[in-house]
Amino acid sequence: MEAETDKLAPNMSFSDALIDKDVDNVTSTTRVVKRSSKLEMVEAYMARARSSIKEAARVRNLTSIHQDPDYVPHGPIYRNANAFHRSYLEMEKLFKIYVYQEGEPPMFHNGPCKSIYSSEGRFIHEVEKGKFYTTQDPDEALVYFLPFSVAMLVRYLYESESLKTDAIGRIVIDYIHVISGKYPYWNRSLGADHFMISCHDWGPLASSYVPHLFNKSIRVLCNANTSEGFTPAKDASFPEINLLKGEADIGGLPPSRRSILAFFAGHLHGYIRYLLLNEWKDKNDPDVQVYDQLPKGVSYMSKLKNSRFCLCPSGYEVASPRIVEAVYAECVPVLISDGYVAPFSDVLNWKSFSVQIPVKDIPNIKRILMGISQRKYLRMQRRVKQVQRHFVVNPTPKRYDVFHMINHSIWLRRLNVHIQDFGVP
């Protein structure tokens with residue numbers, strides 16, 4: 001196999017990457033060649049899509065020039081509204097997912113839908129319904145979904161007393177052996193057109209051989225931490241959404257009625273939260289309200305909806321459901337982390353609707369937020385309301401919602417790969 005890996009910076013838009021970089025070429029020798037003509041057709045479609053998106057990326061208008069009956073991307077919340085819109089429309093025409101049928105519930109073809117790992121379960125269940133993007137013909141697929149749930153693997157196989165993860169690693173390795181022996185697609189690309197998702201900590205699998213299996217694969221991870229091997233060119237950041245009741249609570253007070261400057265409530269969970277709680281918890285500052293546990297009778301959601309800025313520190317993992325909670329509450333998110341790649345950041349301009357504060361500046365949170373003018377805050381808050389549509393979980397997915405945006409992230413990574421299959425009959 002010969003491949004040149006395209007190192008995409010976390011702050012580089014996909015349109016810039018497509019213009020400035022060559023596509024990865026993945027070649028392999030296999031015993032199956034009768035499907036090569038279909039693969040060539042698929043790659044020809046992809047080449048035309050890349051060309052179309054590159055052309056659209058040259059238009060730097062804040063509003064897309066493409067027509068759309070549902071929504072026309074516009075404004076500074078996008079890195080390039082026209083390129084995103086063109087890419088999204090191309091995805092709707094061409095993107096096809098083949099879901100491997102091997103594996104049995106509850107660890108395969110299943111996932112949690114009412115928990116902190118709801119993103120993982122909701123996506124699996126929606127793909128399994130087969131109403132969007134899926135195909136029954138693996139030869140026409142652009143990507144192949146490995147339908148195991150890391151959250152369910154951990155629930156059923158993790159040995160908490162001994163901290164052993166061997167069983168989890170073995171079942172994933174065995175699954176790859178099964179599908180690579182039964183189908184030609186994994187061996188053809190070494191997994192470069194395959195994807196898996198995980199909103200659970202990747203750590204339970206990281207201690208085994210499993211991560212090496214996915215060196216070329218698309219990993220859709222909540223724990224999008226560049227210091228732990230997350231590669232933005234091929235991996236996609238997965239928004240962590242906590243749906244304990246199964247539905248999101250969306251909306252909040254208008255800006256003029258929000259009396260709290262900044263708010264956070266959460267238990268000690270990792271070093272960054274330790275620094276935040278240690279610096280702000282006992283200050284009793286009415287502007288910056290930080291709790292490890294809310295007082296009795298105080299509503300967490302009411303605090304979010306009454307705050308101008310919502311603090312979103314990383315825990316043991318860099319991701320936090322508080323980012324999406326802030327967006328739902330129309331509260332400007334304040335991302336406090338090192339090495340975190342925010343969801344959809346190759347499309348969305350997070351600097352336009354959020355504040356990023358390095359960990360070293362935790363003591364300066366109040367000064368930084370007080371330094372943001374009222375005019376700038378109002379602009380950011382309006383943009384938070386605009387970006388909500390991309391994070392909403394709908395019972396039946398709607399165009400541009402979180403389900404479709406996750407698929408768009410996968411589509412973009414597949415655009416970065418050109419697969420060629422050579423073999424002997």
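The values are calculated or read from the model by the stated rules, or taken from the named source; none is laboratory data. Quantities reported herein were computed from a predicted structural model and do not represent experimental measurements. Note: ideal-geometry Cβ built from the backbone for every residue, glycine included; neighbour counts use all protein chains shown. Note: areas computed on protein heavy atoms with side chains; ligands, DNA, RNA excluded. Shrake-Rupley method; radii C 1.70, N 1.55, O 1.52, S 1.80 Å.
Could you state how much accessible area Leu294 has, in square angstrom rounded to the nearest 10, with a 1.4 Å probe and all protein chains kept in place?
40
Which whole-number percent is the relative contact order of the chain (Cα, under 8 Å, 6+ apart)?
21
On full extension of the chain, what length is gained from Tyr271 through Ser373, given 0.36 nm per residue of separation minus the C-alpha to C-alpha distance?
Full-extension gain reported as 33.7 nm.
Expressed in nm to one decimal, what extension gain is obtained for the pair Lys281 and Ser259 from 0.36 nm per residue of sequence separation less their Cα-Cα distance?
The Lys281-Ser259 span can extend by a further 6.1 nm.
Quote to one decimal, in nm, the extra length available between Gln67 and Glu104 on full extension: 0.36 nm per residue of separation minus the C-alpha distance between them.
Between Gln67 and Glu104, full extension yields an extra 9.0 nm.
Under a Cβ-only charge scheme (Lys and Arg +1, Asp and Glu -1), can you give me the dipole magnitude of the stretch 38-94 about the Cα centre, in debye to the nearest 20?
The calculated dipole for the stretch 38-94 is roughly 260 debye.
Hey, for a label at Asp338 modelled as a point 7 Å past Cα toward Cβ, could you say which residues of the stretch 267-293 have their backbone N under 18 Å away?
Those under the cut-off are 269-279.
Put a dot 7 Å past each Cα toward the Cβ at Tyr45 and Asn25; how far apart are the dots in nm?
Spacing of the two 7 Å Cα→Cβ label points: 2.4 nm.
Going by the alpha-carbon gyration tensor, a ≥ b ≥ c the square roots of its eigenvalues, is the stretch 260-391 rounded (a/c under 1.5) or, if a/c is not under 1.5, prolate (a/b greater than b/c) versus oblate?
rounded
About the Cα centre of the chain, what is the dipole size in debye to 20, counting +1 per Lys and Arg Cβ and -1 per Asp and Glu Cβ, all else neutral?
In total the dipole reaches around 1540 debye.
Rounded to the nearest 500, what is the 222 nm mean residue ellipticity of the chain from helices alone, with -39500 (n - 2.57) per DSSP H run of 4+ residues and division by all residues?
Calculated mean residue ellipticity at 222 nm is -10500 deg cm²/dmol.
Ranked highest first by the average count of other Cβ atoms within 10 Å around their residues, in what order do 221-233, 408-420 fall?
Listed from highest to lowest mean packing, they are 408-420, 221-233.
Of Lys96/Lys131; Lys296/Lys366; Lys129/Lys216; Lys38/Lys131; Lys93/Lys131, which pairs sit farther than 19 Å apart, going by alpha carbon to alpha carbon?
The pairs that break the limit, which is 19 Å between Cα atoms, are Lys296/Lys366; Lys129/Lys216; Lys38/Lys131.
With contacts defined as alpha carbon pairs under 8 Å and 6 or more residues apart, what's the relative contact order of the stretch 260-391 in percent?
24
Which one of Gln136, Ser314, Leu378 is farthest out on the positive end of the charge dipole of the chain, using unit charges on Cβ (Lys, Arg +1; Asp, Glu -1) and the Cα centre as origin?
Leu378
Over the chain, with the other protein chains present, what is the accessible area per residue in square angstrom, probe 1.4 angstrom?
Roughly 44 Å² per residue, with all protein chains present.
Between the helical axis of 166-182 and the dominant principal axis of the chain, each derived from Cα atoms, what acute angle in degrees is found, rounded to the nearest 10?
Approximately 40 degrees, to the nearest 10.
Would you please put 99-109, 120-130 in order of how densely packed they are, using the mean number of other Cβ atoms within 10 angstrom per residue and starting with the highest?
For the peptides 99-109, 120-130, the packing ranking is 120-130, 99-109.
Pop a pseudo-label 7 angstrom from the Cα along the beta-carbon direction at both Lys360 and Lys38 and give the gap in nm to one decimal.
For Lys360 paired with Lys38, the spin-label model returns 5.4 nm.
For the chain, what proportion of DSSP beta bridges, expressed in % and rounded to the nearest 5, is antiparallel?
15
Testing the spin-label approximation: label points 7 Å from Cα along Cα→Cβ at Ser299 and Leu94. State their distance in nm.
For the pair Ser299/Leu94, the computed spacing is 4.8 nm.
Please report the carbon-and-sulfur percent of the accessible area for the chain; probe 1.4 Å, protein heavy atoms only, DNA, RNA and ligands left out.
Roughly 50 percent, rounded to a whole number.
Under the Cβ-under-4.7 Å rule, which cysteines of the chain stay unpaired?
Among the cysteines of the chain, those whose Cβ sits 4.7 Å or more from every other are Cys113, Cys312.
Counting only residues 5 or more places away or on other chains, whose amide H sits under 5 Å from the amide H of Leu348 once H atoms are built in the peptide plane?
Arg79
Please find the FRET efficiency linking Arg382 to Lys182, where r is the Cβ-Cβ separation and R0 is fixed at 56 Å, and quote it to the nearest 0.05.
E between Arg382 and Lys182, to the nearest 0.05, is 0.60.
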